[in-house]
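Worksheet: the structure to be examined is printed underneath.
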Amino acid sequence: MRPRRSRVGVVVAALPARGWALLAGGWALTVWIAIATRVQWGPDTPFYLAWTYRLLGYDDAEAVRRSVEFLAHEQGVTCADSSLPWCRAENYPMFFTGDFAATVGPRVGLPLLSAPWVALFGPKAVVGLSIAAYTVAILCVVLLAARMFGTRLALLGGCLMMAAWLVSNWGVHANTEAVSLMFTTATLLPLPLRRTAGKWDLVLFVLLLEASLFTRQFAVTLVAGTVLAWLWCTVRDRRPVNAWAPFAALAVACAGITVYVQGRMTAGYASDFSAIATYQRNTGTSGLAEGLLAIPTTAWHIMVGDWRQVRTDVVLTAVLVIGLVSIVWRHRAELSALALGAFVGTLGLNLITNSDSIFRYHAPVFPIYLLTALALLADLVDGRRPARSTDAAPNPVPVPPRPGARARPRLAGVPVPAWAALLGGYALLVTISGQTNFERAGTGSGPARYGNNLPHLPGGLAPIIAYGLAIAVVVALAGRRWGTWGLLAGVAMLAPTVLTTIGRDLVSPAEPVAALAVACGLWFLPLHARPSTAPWLAAWGFGAATLWAAVLDPYAAVLLGGVLLAYLLRAARAGWRNEWLPPLVTGVAASVVAMVAGGLLANVYPAERPPLRLTITELGIDLVVVLLALWVATGGYPVWRLDPAGALGVGMVLLGGGLLVVQWFIGDFTGIRPVAAALPVLGLAATAIAVHTWPPGRRHPGLAGGQVAAPLGVAQPTTA
């Protein structure tokens, strides 16, 4: 038996060092962008801040005065031109009496956690608390995904927690969402998901659930999910006493006790508060029958309103779509029941407000939706049948093929069904993002707002087809090198920065075509172990592709930074005359010709409008590209000597980053928005780094998929 590993060691082993470096860099950028582009204060903030001051010993009048004076001119809650009722002095009693107080008063979690920091650093410390809670939630998702699915999907899960900007929007907000997100995610750790739970897990579950319930009453949705998971297992296994039974019983008991205690807490200042009465007032109904009949219409109204906001976040949209498919396809799995219960419970409580929430109410349970989507990806990658999958077995194994079963047909090393899924997902995301206008920012909800902005057909269809072909070309190249994992290169190219601009008037439609040219040019590079028999012929092909790409999009020339680095590394081993010299020469020549031609064309056909300059909002949309570049930069150093694809990506990132820095200082910063031409290289390099970091057939020695994670305080078991 292997000696027990410390809990710190378990956390560190969840990802390799370069994985933690990527998450650290991505976290810093995410928090910076979120603070710079969105407001951190909302209409509910003054109530929580007033209750915090009350806990610090101030009387009611002084607590309200301090809160209102601090927030009177903060962005998002400005009282000078606002009709918010709490801005007027005659309404100050509502802070501690009535329905608002009945909602905020029982949520003692945020004021209790905020009080010491507000006392030391002032009211802005509430935002720091939210950022810390958001960070802990990301770590919990990484640990849980590493335990259940392995380090690859754990890293993907951590990145998706940051790349979904509607989630990070609430992660830096001075409200209960971030703290509730932390407690909800931590409460998932002791659940019997790919592990055997012990008695201390039940104790930890109760403590975390109570903390979550006293932070935000919407945490009862986790209770609904836990109970539904128990019913799910009861029907599936025909055994009421199963691993989920004690958690479901304790969850119901905690919810009942908490509701009773919170009712007693509010009895002194809001004795007439009623959730049913609030629902009837917001929906304009009266009586039980009329209220029940209004539920379908109200629910549809809420879901449509939320969808208008969700569709502006391409990453979140992809996660939710995959999660929905996972719930249906993995219908026997406990995670499916947990996600379904959390969604229905959140929607049920949202009915009381009768308004969409900009994903606010669903943000604390987003990790459940994310894990559900990752579970489907894990099944497909590991060869399990999703329709027969469960999350109870600590050590799931691939299902062996049936005797006489035919092998799945492959195209360029990638299974044909995977091709269909990739291209279908591309079409779906392009269609959804086509209804989204990313040209202007919404101050409260992130770097985008919805609007009808479908591409003009048939002309607008050309760049969509061109970029789809670029994805196919890169996947075919990566599939020949790494088999099924070549699909990752295509997935990396589905970045929001491209999907939200393809076929629109916002950018030149030439950029997706330039991406196709770069993808074709990659086939002429000596990326394979066996050099080409006609290096100069292949070099002329690469030069033609570079000329094609650079004429359409001058930013495509940053590809030469990768070619130069690959040439220098090869020269250190094989001399200056090696197989990378011909494409470097023809590529530089083609770029010079393209720049000269671009200058002549600019004089003949002057641009109708100046190029869009980078704003912090555009950088928020490009966060997926930033994470890809960080992954290539942090993981490419040890890989560039093993695989020229890694050197290609690192060199391009270094040259492109250097140009951005120069443009920043000279005041002509057009930004990273025209990034379509760089994504084929980023996708290929990111795949090379992933494959060399976790070679196929080998698990990382951390909490890899299939390894049992023992209960707290119990030695880690060995694996075969």
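A few notes on this one:
- Karplus-based coupling profile of the stretch 590-596, in residue order and whole Hz: 5, 5, 4, 4, 5, 5, 5, with θ = phi - 60° in 6.51 cos²θ - 1.76 cosθ + 1.60 and x standing for Gly or Pro.
- A simple spin-label model places pseudo-atoms 7 Å from Cα toward Cβ; at Lys124 and Asp382 they are separated by 4.6 nm.
- Near the amide H of Arg410, within less than 5 Å, lie the amide hydrogens of Val416, all on another chain or at least 5 residues away, with H placed in the peptide plane.
- Cβ-placed point charges (K, R +1; D, E -1), dipole of the stretch 97-240 about Cα centre in debye, nearest 20: 520
- Debye-formula intensities of the stretch 231-273, expressed as log10 I(q)/I(0) at q = 0.23 Å⁻¹, are -0.74 (one equal scatterer per alpha-carbon, no solvent).
- J(HN,Hα) series, the stretch 366-373, from Karplus relation 6.51 cos²θ - 1.76 cosθ + 1.60, nearest Hz, glycine and proline x: 4, x, 5, 4, 5, 5, 5, 5
- Two-site label geometry, Arg577 and Met94: point separation in nm, points 7 Å out along Cα→Cβ: 8.3
- Couplings 3J(HN,Hα) for the stretch 51-61, derived from phi with the Karplus relation 6.51 cos²θ - 1.76 cosθ + 1.60 (θ = phi - 60°), are 5, 5, 4, 5, 5, 7, x, 6, 6, 4, 5 Hz, where x marks Gly and Pro.
- Sorting His73, His301, His173 on solvent-accessible area from highest to lowest, probe radius 1.4 Å, gives His73, His301, His173.
The values are calculated or read from the model by the stated rules, or taken from the named source; none is laboratory data. Source: prediction; values computed, not measured. Neighbour counts run over all protein chains shown; Cβ positions are idealised from the backbone, glycine included. Heavy atoms of the whole protein, side chains included, go into the accessibility calculation; ligands, DNA and RNA do not. Shrake-Rupley method; radii C 1.70, N 1.55, O 1.52, S 1.80 Å.
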